[in-house]
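Student: Below is a structure I'd like to ask you about.
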Amino acid sequence: MAIRIALAGNPNSGKTTLFNALTGSRQYVGNWPGVTVERKEGKLKAAQGAQGDDVIVQDLPGVYSLSPYTLEEVITRNYLVDDRPDAIINIVDGTNLERNLYLSTQLAELGIPMLIAVNMMDVVRKQGDRIDLNQLSAQMGVEAMPLSALTGEGAHAVAQAAVRLARQGTVPRPLQVFDGPVAHALAHIEDALTHRRHGHHHHGGDVRRQGEAMPAALRRWYAIKLFERDDKVLAQLRLAPDVRRGIEQAIADCEQEMDDDAQSIITNQRYACIQAMMHDALRRKRAPGSLSASDKIDRVVTNRVLGFPIFIAVMFLVYYIAVTTVGAVVTDFTNDTFFGAWIIPGLESWLSNVGVSDWLSGLITEGIVGGVGAVLGFVPQMFVLFFMLAILEDVGYMARVAFIMDRIFRRFGLSGKSFIPMLIGSGCSVPGIMASRTIENQRDRRMTIITTSFIPCGAKLPIIAMIAGTVLGGAWWVGPMCYFIGIAAVVVSGIILKKTRHFAGDPAPFVMELPAYHLPGMGNVLRSMWERGFSFIKRAGTVILLSSIAIWFLKSYGWADGKFAAVEDMDHSILAAIGGAVAPVFKPLGFGNWQNTVATVLGLVAKEEVVSVFGVLYGVGENALDLVEEGAFDQLAPIAMNFTSMAAISFLTFNLLCAPCFAAIGAIKREMSNWRWTAFAVGYQTVFAYVISFIVYQLGMIVTTGFQPVHLLPIALLAGLVYLVFSPTPYGHNDAAPQAVRA
Amino acid sequence: MKTLRDVPVGAQAVIKRLHVEGALKRRVMDMGLTRGTQVHVRKVAPLGDPLELTVRGYELSLRKQDAQSIEVE
């Protein structure tokens, strides 16, 4: 049977680097069941000492503790307690030993063979500090080994030792962390667990449910969790009422004696124990108050005065490279040259040479390659962006982004890190949504995914320019207004959604580590870029492919001359028929004819399509997009004739806010990794767009036609919206964490 | 009651008691802010919130609102 080795450690401890060093390219990336937390496992490379048996390395989410609160902590502890890997490699940051060992003291209680890999030993040495690993091993009761994950130094020895431990099955000797009344209470609880009577008797099932077969090795762990009054463990064990009362009495006695609550007592004793260990095992060269190189960098980078300008410069650089220069060049090349000039014409002539029928050739070139190609055009740009994001993360600046922007974003239920998705989203929503990856908190991430596409992306600019140039006489305020609407939509949605059940609760506790700066590891950066870029192609591809085919079919086929066939004019297509049927829905918004409906629907393929479709349907010609770019608005006059000013503003508002293009929907699906949430996001955006456009148009009509009774409805809607924004939240300041875990 | 929020930038304080509950309390303690721990208030973010602290040899950021419920001496 394969040996399973789990990799556990704090965030920023170098866990991912070690995982990559151990497994190389033999990785499988997925999600933990039912949640959007990434799950990675891989096979140990032969070069790292795998021989004979398969050795599976399971990378666990980075956590600071095995408390039952965050999603990552629950995943980690459930895996360790229920799936019982054969050994744990606990990676700790040698430059931050004290806090890292806090998790180690908890891992050592699980009764699983374990070793501690002290990472960044090269940095420790460079700083002139000395860690006595023999001393640390003796104190912790498990082997402690040196490692420099970035250079790979020590990785081989760590892997070999872990495999050996897994084969031998040597369980760590219990740590003497707790003393006095706590040790007494824990002994009492362990005793109660050994001799307890059960509330219910169950047959079969795993340890969790059965309770009876609790491995002796885990008794200590369960006793500590019961002492901490851990809800999840209490629910799991289903102790008989008298056993529970006995345990509660022991806890209460101890709390009274120590004048503190149970959780604090446990945490304090763990840290006290670690401090004692550190005293023997760590020799610091630096005086405690002096500054390290990282501290000196941080003094400038998050400086009260310079911090903000530096932040803006960094963000500008990211945007400039990923969206404007390199990003635009590679996107244009993929779209215009690679697909436009090479693939599609080549494919067309090849297909006609082989003698493929017209409809199949149309499906392949226009439907599949055209549709999917339009989207794949974004992929190179996305790789550029992911490269930049990976550098920001690896260097340690991403945490500073959250630090600097938190004050603004937490007011509307977003994270400081939501700034980057929004910024990138102003170029293109697809990489913007994918950039939400960097937000750890699941609620903040979902909220960011839902609201990012409200920010007008580059493809919406032609729509804005067309409406402003034709209907509104080139008014200067249209562009700024669109950005204002987008930002207002993010803020209002954040505030409203935060009051719903799924997003309720206090903002995620912002007790965040600001990791030390260090040079990025190119291997890590490239791997992260590749994984994120490729996962977009893999997971978003299906959505984009299917919807491209469906749209192509709807616009190319229809009833002409009494029979169903491919149609020349879009007027006769199925899409036009559907547009005609759906158009009345948009009547209250002022633009309810079939042409506008069809243009809006085709905008889902790519937003600038709206302009091209207008050109075709309103008799301007095929080149409307070029005309807009050239600013030849007089030639677009036929479009203007179909809109009043208010209807045009309403149409623009709707198209800015409604469901984004299929590529962005694919990105939403990839990031939510869940159809229900994807449907919710798209549905919310569309309904929100409808309500806002309705209010805008109808209130505008009051000015032109005077007040009429029907205008009570938009006024009531507006009042409702204002109420939703300013009313207190119905879910109060309850604890949000259990919610996040249930999801 | 003197709280962590009242500690001026650049000064140090020792944690006396946490007046928070639930997930936040556990998180604060897990990150090493326990009774008797020495904390150095390093700086304030450019927009005035949150704080940056040095605790147990590493940097931690904490909102002022949360710092207000940590009693120090």
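The values are calculated or read from the model by the stated rules, or taken from the named source; none is laboratory data. Nothing here was measured: the structure is a model prediction, and the numbers come from that model. Because the Cβ atoms are built from the backbone with ideal geometry, glycine has one as well, and the counts that use them run over all protein chains shown.
Student: Among the numbered conditions (1) at pLDDT 80 or above; (2) part of a helix (DSSP H, G or I); (3) over 20 Å from residue A:434 (Cα atoms), tell me where residue A:356 comes up short.
Tutor: Of everything listed in (1) at pLDDT 80 or above; (2) part of a helix (DSSP H, G or I); (3) over 20 Å from residue A:434 (Cα atoms), residue A:356 misses just condition (2).
Student: Then there is this: When residues of the stretch A:84-103 are filtered for being more than 26 Å from the chain's Cα centre (by Cα) and either closer than 14 Å to residue A:166 by Cβ or more than 13 Å from chain B (Cβ to nearest Cβ) (or both), how many remain?
Tutor: 6
Student: Report, by residue number, each residue of the stretch B:30-65 that is under 25 Å from residue A:411 (Cα atoms) and buried (at least 22 other Cβ atoms within 10 Å of the Cβ).
Tutor: Residues of the stretch B:30-65 that are under 25 Å from residue A:411 (Cα atoms), as a first pass: B:31, B:41-53, B:59-65.
Of everything in the stretch B:30-65, those that are under 25 Å from residue A:411 (Cα atoms) and buried (at least 22 other Cβ atoms within 10 Å of the Cβ) turn out to be B:31, B:41, B:45, B:50, B:51, B:53, B:59, B:60, B:61, B:62.
Student: Inspect all residues belonging to the stretch A:615-622 and state whether any of them is crowded, with 16+ Cβ neighbours inside 10 Å, over 30 Å from residue A:699 (Cβ atoms) and touching a residue at least 40 places away in the same chain (Cβ under 8 Å).
Tutor: First pass over the stretch A:615-622, keeping only residues crowded, with 16+ Cβ neighbours inside 10 Å: A:615-618, A:620.
From what is left, the residues that are over 30 Å from residue A:699 (Cβ atoms) are A:615-616, A:620.
Retained after the next criterion (residues that are touching a residue at least 40 places away in the same chain (Cβ under 8 Å)): A:616.
Looking through the stretch A:615-622, at least one residue is crowded, with 16+ Cβ neighbours inside 10 Å, over 30 Å from residue A:699 (Cβ atoms) and touching a residue at least 40 places away in the same chain (Cβ under 8 Å).
Student: Among (1) among the basic types (Lys, Arg); (2) within 7 Å of another protein chain (Cβ to nearest Cβ); (3) farther than 16 Å from residue A:262 by Cα, where does residue B:35 come up short?
Tutor: The single condition residue B:35 does not satisfy is (3).
Student: Quick one: in the stretch A:310-330, of everything that is free of Cβ contacts under 8 Å to residues at least 60 places away in the same chain and touching a helix residue (DSSP H, G or I) at 6+ places or on another chain (Cβ under 7 Å), which residue is farthest from residue A:429 (Cα to Cα)?
Tutor: A:310
Student: Okay, next question. If a residue counts only when it is modelled with pLDDT of 95 or more, under 21 Å from residue A:21 (Cβ atoms) and of a type in the set (Val, Ile, Thr), which strands (runs of 3 or more DSSP E) contained entirely in the stretch A:75-172 have at least 1 such residues?
Tutor: Working: elements: A:87-93, A:114-119, A:143-146.
Qualifying strands (runs of 3 or more DSSP E): A:87-93, A:114-119.
Student: Within the stretch A:196-208, can one find any residue that is outside any loop (DSSP other than H, G, I, E, B), modelled with pLDDT of 50 or more, over 24 Å from residue A:261 (Cβ atoms) and over 36 Å from the mean Cα position of the chain (by Cα)? Write out each step before concluding.
Tutor: Just the residues of the stretch A:196-208 that are outside any loop (DSSP other than H, G, I, E, B), to begin with: A:198, A:207-208.
If we keep only those that are modelled with pLDDT of 50 or more as well, we get A:198.
Filter once more, keeping what is over 24 Å from residue A:261 (Cβ atoms): A:198.
After this cut, where a residue has to be over 36 Å from the mean Cα position of the chain (by Cα) as well, the list is A:198.
Yes, the stretch A:196-208 contains a residue that is outside any loop (DSSP other than H, G, I, E, B), modelled with pLDDT of 50 or more, over 24 Å from residue A:261 (Cβ atoms) and over 36 Å from the mean Cα position of the chain (by Cα).
Student: Right, another one. Going by the structure shown, is residue B:41 more than 7 Å from every other protein chain (Cβ to nearest Cβ) and either out of contact with any Ser or Thr (no Cβ under 7 Å at 6 or more places or on another chain) or under 26 Å from residue A:309 (Cα atoms) (or both)? Steps first, please.
Tutor: Working: more than 7 Å from every other protein chain (Cβ to nearest Cβ): yes; either out of contact with any Ser or Thr (no Cβ under 7 Å at 6 or more places or on another chain) or under 26 Å from residue A:309 (Cα atoms) (or both): yes.
Criteria met by residue B:41.
Student: With the requirement that a residue be outside any loop (DSSP other than H, G, I, E, B) and within 10 Å of chain B (Cβ to nearest Cβ), what does the stretch A:59-74 give you?
Tutor: Scanning the stretch A:59-74 gives a single hit, A:73.
Student: Next up: Is there a residue being part of a helix (DSSP H, G or I) and within 23 Å of residue A:540 (Cβ to Cβ) anywhere in the stretch A:394-410? Please lay out each step first, then the result.
Tutor: Our first condition is that a residue be part of a helix (DSSP H, G or I); within the stretch A:394-410, this holds for A:394-395, A:397-410.
Then keep just the ones that are within 23 Å of residue A:540 (Cβ to Cβ); that gives none.
Looking through the stretch A:394-410, none of the residues is part of a helix (DSSP H, G or I) and within 23 Å of residue A:540 (Cβ to Cβ).
Student: I want to confirm something. Restricting to the stretch A:278-312 and keeping residues that are in a helix (DSSP H, G or I) and away from chain B (no Cβ under 13 Å), which single residue is surrounded by the fewest Cβ atoms within 10 Å (Cβ to Cβ)?
Tutor: Here is the first cut: in the stretch A:278-312, the residues in a helix (DSSP H, G or I) are A:278-281, A:293-301, A:307-312.
Next cut, away from chain B (no Cβ under 13 Å) only: A:279-281, A:293.
On the way: A:279: 10, A:280: 12, A:281: 23, A:293: 13.
Filtering the stretch A:278-312 for residues that are in a helix (DSSP H, G or I) and away from chain B (no Cβ under 13 Å), the one surrounded by the fewest Cβ atoms within 10 Å (Cβ to Cβ) comes out as A:279.
Student: Sticking with this one: Quick one: residue A:559 ticks every box in (1) away from chain B (no Cβ under 14 Å); (2) among the hydrophobic types (A, V, I, L, M, F, W, C); (3) touching a residue at least 60 places away in the same chain (Cβ under 8 Å) bar one, so which box is it?
Tutor: Exception for residue A:559: condition (3).
Student: Still on this structure, please answer the following. I'd like the residue in the stretch A:647-664 that is touching a Ser or Thr at 6+ places or on another chain (Cβ under 7 Å) and hydrophobic (A, V, I, L, M, F, W, C) and, out of all such residues, is surrounded by the most Cβ atoms within 10 Å (Cβ to Cβ).
Tutor: Let us first name the residues in the stretch A:647-664 that are touching a Ser or Thr at 6+ places or on another chain (Cβ under 7 Å), namely A:650, A:653-655, A:658-660, A:662, A:664.
Then drop every residue that is not hydrophobic (A, V, I, L, M, F, W, C), which leaves A:654, A:658-659, A:662, A:664.
Values: A:654: 24, A:658: 21, A:659: 20, A:662: 25, A:664: 34.
Among residues in the stretch A:647-664 that are touching a Ser or Thr at 6+ places or on another chain (Cβ under 7 Å) and hydrophobic (A, V, I, L, M, F, W, C), the one surrounded by the most Cβ atoms within 10 Å (Cβ to Cβ) is A:664.
Student: If I filter the stretch A:532-545 for residues that are buried (at least 22 other Cβ atoms within 10 Å of the Cβ), among the aromatic types (Phe, Trp, Tyr), closer than 25 Å to residue A:687 by Cβ and touching a residue at least 40 places away in the same chain (Cβ under 8 Å), do I get at least one hit?
Tutor: no
Student: Contact list please: Cβ distance under 6 Å, first residue in the stretch A:175-196 and in contact (Cβ under 8 Å) with a residue 60 or more places away in the chain, second residue basic (Lys, Arg) and in a helix (DSSP H, G or I), pairs at least six apart or on different chains.
Tutor: A:177/A:270
Student: If you scan the stretch A:417-431, which residues turn out to be touching a residue at least 40 places away in the same chain (Cβ under 8 Å), of a type outside the set (S, T, N, Q) and either in a helix (DSSP H, G or I) or closer than 21 Å to residue A:496 by Cβ (or both)?
Tutor: The answer is A:419, A:420, A:422, A:423, A:424, A:430, A:431.
Student: Now for a separate question. Look at the stretch A:668-716 and say how many of its residues are aliphatic (A, V, I, L, M) and more than 30 Å from residue A:436 (Cβ to Cβ).
Tutor: 9
Student: Now for a different question. Output the residues belonging to the stretch A:1-29 that are among the charged types (D, E, K, R), touching a residue at least 24 places away in the same chain (Cβ under 8 Å) and either part of a loop (DSSP other than H, G, I, E, B) or under 16 Å from residue A:394 (Cβ atoms) (or both). Break it down into steps so the answer makes sense when it comes.
Tutor: In the first step, residues of the stretch A:1-29 are kept if they are among the charged types (D, E, K, R); the result is A:4, A:15, A:26.
Narrowing the set further to residues that are touching a residue at least 24 places away in the same chain (Cβ under 8 Å) leaves A:4, A:15.
Within the stretch A:1-29, A:15 is the sole residue that qualifies.
Student: So, one more: Out of all the residues in the stretch A:68-80, is one or more of a type outside the set (Gly, Ala, Ser) and over 30 Å from residue A:436 (Cβ atoms)?
Tutor: First, pick out the residues of the stretch A:68-80 that are of a type outside the set (Gly, Ala, Ser): A:68-80.
So of that shortlist, the ones also over 30 Å from residue A:436 (Cβ atoms) come out as none.
Taking every residue of the stretch A:68-80 in turn, none turns out to be of a type outside the set (Gly, Ala, Ser) and over 30 Å from residue A:436 (Cβ atoms).
Student: Restricting attention to the stretch A:509-523, report how many residues are modelled with pLDDT under 85 and facing chain B (nearest Cβ under 7 Å).
Tutor: Residues flagged as modelled with pLDDT under 85 and facing chain B (nearest Cβ under 7 Å) within the stretch A:509-523 amount to 2.
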